[in-house]
Amino acid sequence: MANIPQPIFNGFPDRTRNVTRNCSLKALTQPEYGFMQTEIRLIAEVNATRRQEAFNLVNLHMRRYLEGNFAVIPLIFNQTWWTWVYKLVGLHPQAENIPAFLATDNDLMGTFAVFQTCRIDQEANEAYYVPDTVNDGTLEATMAGNFARQAIQNFKEHLRGLQQHIAILWQAALEPRLNRMEAKRASAQLARAIVHHDPQPPADLLNLDIAEDYQMLRDVFEANLADVDLWLVYARNIDYAMCNRILNVSRWCLQAAEDLQAAKRWSLLPVAKHQVSNFLILPNVLRQANGQFMNLHALARLTGNPATQQLVWETIFNINHVQRHRWRLRDNLNDVVNLNAISFAFSMQSDGVKAHLLFQKPILLQIEPVVTTRAEIRRLPENLDVTAWTKGVYHLDKGPRGLNEARIENSRIVGLDPGVSSMITATSTQDEMPQPGLWQQEVEVRTRSYHARTQVFWEYQKEANNRTKYNIQDEYDQLAGNSSNVSAAADFEQHIRVMSRVRNRMRFFNAHFKHREIRATLASARQSANHHIMNQLLGLTPPFRPGTKMHHIHLSSKRMRKRWHRHRRQAARELSGWVRNENDTIIFWGDGEMPTLPYFAPIPHVGIILFVAKFALVILSGEFRTSQIHSGCDAQLVPIRGTYIRTPHRMKRKRVQTRIRRTRGRKVKTCVNMDGQRLHRQSLCTQGQQQGTELWSLKRCLNHEHDVVIDRDRNAARNMRRIGLNYMMMDGDQDHRPVPLRRPQLIGHQ
């Protein structure tokens with residue numbers, strides 16, 4: 001949202017931050033302007049197609065430049081040039097009259113001629129599809145400038161991913177020799193060493209016989225980016241020369257990944273998605289009920305009163321529906337401004353179903369830096385003073401100042417261990433023995449429960465049913481076989497050709513079947529789940545017992561469901577003696593990057609961290625050996641061996657009905673034949689063989705009179721809390737980690 005221009009007058013000082021309020025477009029639009037919903041919905045569909053075509057044209061143009069078809073680098077950082085591209089792709093594929101503004105860019109004209117041939121069926125000599133026409137002076141015409149600003153920002157952000165691209169190449173080279181997790185960890189270290197200009201790979205990876213490959217990649221990197229600190233380049237503005245050098249390295253790595261037939265590749269330049277996305281609505285042009293268009297900037301200059309602009313927005317949209325209490329423009333602009341108020345920034349984004357309104361809020365009293373990505377967290381300066389911080393995110397390895405012993409008394413210290421099966425395991429106590437009410441100080445969020453609450457599997461099922469109903473899976477298979485993640489211009493031309501062939505069916509499918517309504521439902525469910533997690537971590541609501549399943553409430557109305565939940569929370573507080581936390585919360589969060597496993601739904605770890613950081617202080621810390629060392633006695637934990645039955649049959653989970661009323665039963669592993677018919681349970685298979693395995697979630701501690709069974713995730717959460725407490729009691733000493741939890745050799749961040 002940083003690329004949104006400032007309004008004419010907002011009555012605030014320069015230090016403001018953007019705040020987004022979301023609601024449905026139907027609830028936001030005034031009843032007499034209901035036709036605006038259809039207008040915005042159709043414009044969003046046109047913008048999605050035009051945006052994807054514009055990115056495809058620029059991708060083809062840059063690949064032809066890198067292959068030496070012309071010598072001058074395209075004006076990819078010029079807003080006017082991107083506006084030309086956006087308007088160009090709206091021409092008919094068989095159009096003969098090219099706009100006059102292209103006369104100054106012969107290279108782009110040559111690429112556009114090749115692009116036009118890819119959108120024509122050569123056998124039938126007709127266009128695969130006809131783009132929508134855009135008339136000057138309409139709201140559609142203003143999208144060209146808005147697209148140009150966002151495209152330049154997306155382009156620069158994509159160039160900052162060179163280290164991730166090098167890591168993907170290393171992972172493809174190491175996966176035949178290592179398992180997936182080890183390959184990903186080693187590839188991250190090798191990519192970091194290449195970017196830091198290290199002459200040799202890390203010492204602990206020399207046994208992998210990668211010296212020759214490392215030297216080859218290092219030579220390519222040094223030939224283009226010798227003596228260049230990429231982190232300093234990323235922090236500044238990337239110029240054309242640096243862009244050319246970064247693209248040369250990225251293209252070489254992409255070619256190497258193609259030679260290795262890597263399953264995972266990347267796009268050389270950013271590409272747009274198929275789904276109908278949000279587009280920016282600025283106060284340039286808004287349609288009135290009589291069908292005429294009114295330029296708000298011209299009207300404001302004509303009347304000399306910028307409050308007229310506010311009047312038009314509030315006439316068409318019900319801003320009070322999302323933010324009733326706000327500072328509004330008055331006729332007298334010299335009124336005293338409330339510095340704690342929030343004001344509407346006269347801008348919103350919408351996809352025709354959901355609306356995202358932009359507001360501005362002063363940050364005179366906010367001292368915590370606002371970050372939106374993990375990369376921005378890494379780029380924060382070291383040794384920041386966090387004494388007055390009550391929220392935000394920072395890394396413990398950067399040595400924050402202000403976390404001392406005096407702050408422990410007035411804060412609630414929480415240790416948190418992220419995971420894959422158990423997404424969040426947190427504790428606010430070091431006790432581990434079974435005690436009445438101990439579970440009240442622990443928070444456990446299972447990944448399966450989070451996915452059920454956010455309805456991702458329901459969305460997968462709806463998407464599969466919609467594709468079957470419209471019979472469009474063949475088109476998706478064609479696009480998968482001709483991906484945009486290629487290095488050669490000829491291969492990308494084939495991608496454009498296939499995309500043009502299926503354009504009409506893809507656009508109809510993405511514009512209908514309630515895709516945007518489903519996406520809005522998922523966004524609301526995800527926001528509700530994140531608030532539920534945040535309230536438990538901050539001690540604002542009592543946590544559920546660990547392992548408690550999610551129950552679906554079958555009540556007739558939303559009012560009855562809210563009443564049922566309110567009585568349930570009140571009863572839980574009375575029975576357990578739970579007391580609401582009134583102190584500030586400091587969460588020491590494990591900084592492990594949780595991978596998305598194959599056939600698993602993604603886990604938004606970074607998104608949850610940034611969301612919780614809006615309400616509490618989150619301190620990231622290394623997870624080295626936190627699940628392997630007992631938090632009570634510092635002894636090495638021993639895995640627990642178990643057995644399972646390995647059968648020669650195909651396995652499938654079948655739901656088994658139980659006698660419990662109003663339940664769907666549970667799923668058990670079942671042996672099935674080649675036709676999919678059920679044979680018997682896996683545990684009863686007579687052809688199976690028992691094999692040994694390790695129980696992942698449990699460990700044993702042998703440093704006691706009797707063996708103690710330890711939960712792996714809870715033990716890691718207690719160790720994370722212990723690391724944070726040691727840092728605060730030792731007043732930021734570098735040797736704050738307990739000796740068993742220290743790294744023998746620290747190489748960057750985990």
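The values are calculated or read from the model by the stated rules, or taken from the named source; none is laboratory data. As the structure is a prediction and not an experimental result, all values here were calculated from the model. Cβ: placed from backbone, ideal geometry, glycine included. Neighbour counts: every protein chain shown. Each accessible area value is taken on the protein alone, full model and side chains, heavy atoms only, with ligands, DNA and RNA left out. Shrake-Rupley method; radii C 1.70, N 1.55, O 1.52, S 1.80 Å.
For the reader, a short list of remarks on this structure follows.
- Cβ-Cβ under 8 Å pairs, at least 6 apart or on other chains, the stretch 679-697 side surrounded by 13 or more Cβ atoms within 10 Å (Cβ to Cβ) and aliphatic (A, V, I, L, M), far side at pLDDT 80 or above and assigned to a strand (DSSP E or B): 679/670; 679/671; 679/672; 695/639; 695/640; 695/641
- Residue in the stretch 190-207 that is of a type in the set (Val, Ile, Thr), in contact with a helix residue (DSSP H, G or I) (Cβ under 9 Å, 6 or more places away or on another chain) and either in contact (Cβ under 8 Å) with a residue 60 or more places away in the chain or open to solvent by 80 Å² or more (accessible area, probe 1.4 Å) (or both) present: no
- Of the residues making up the stretch 257-274, those that are touching a residue at least 60 places away in the same chain (Cβ under 8 Å) and in a helix (DSSP H, G or I) are 257, 258.
- Counting only residues that are loosely packed, with under 11 Cβ neighbours inside 10 Å and at pLDDT 75 or above, the stretch 657-678 holds 5 of them.
- Test: residue in the stretch 638-656 that is under 33 Å from the mean Cα position of the chain (by Cα), modelled with pLDDT under 85, open to solvent by 20 Å² or more (accessible area, probe 1.4 Å) and of a type in the set (Phe, Trp, Tyr): no
Residues are listed down the side, and each one gets a yes or a no for (1) within 20 Å of residue 378 (Cβ to Cβ); (2) in contact with a helix residue (DSSP H, G or I) (Cβ under 8 Å, 6 or more places away or on another chain):
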site	(1), (2)
583	no, no
590	yes, yes
594	yes, yes
615	no, yes
620	yes, yes
628	no, no
634	no, yes
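- Only one of the numbered conditions (1) open to solvent by less than 10 Å² (accessible area, probe 1.4 Å); (2) in contact with a helix residue (DSSP H, G or I) (Cβ under 7 Å, 6 or more places away or on another chain); (3) part of a helix (DSSP H, G or I) is not met by residue 81, and that is (2).
- Among the residues of the stretch 472-527, those identified as open to solvent by 40 Å² or more (accessible area, probe 1.4 Å), of a type in the set (D, E, K, R) and within 26 Å of the chain's Cα centre (by Cα) are 477, 507, 514, 517, 519, 526.
- Every pair of residues 6+ apart whose Cβ atoms lie under 8 Å, when the first sits in the stretch 455-477 and is in contact (Cβ under 8 Å) with a residue 40 or more places away in the chain and farther than 22 Å from residue 500 by Cα while the second is open to solvent by 90 Å² or more (accessible area, probe 1.4 Å) and not in a helix (DSSP H, G or I): none
- Any hit, the stretch 104-122, residues being at pLDDT 85 or above, open to solvent by 60 Å² or more (accessible area, probe 1.4 Å), out of contact with any Leu (no Cβ under 7 Å at 6 or more places or on another chain) and not polar (S, T, N, Q): no
- Residue selected from the stretch 618-637 under the condition open to solvent by 40 Å² or more (accessible area, probe 1.4 Å) and not in a strand (DSSP E or B), by the criterion farthest from residue 704 (Cα to Cα): 624
- Test: residue in the stretch 704-723 that is open to solvent by 80 Å² or more (accessible area, probe 1.4 Å), within 25 Å of residue 404 (Cα to Cα) and in a helix (DSSP H, G or I): no
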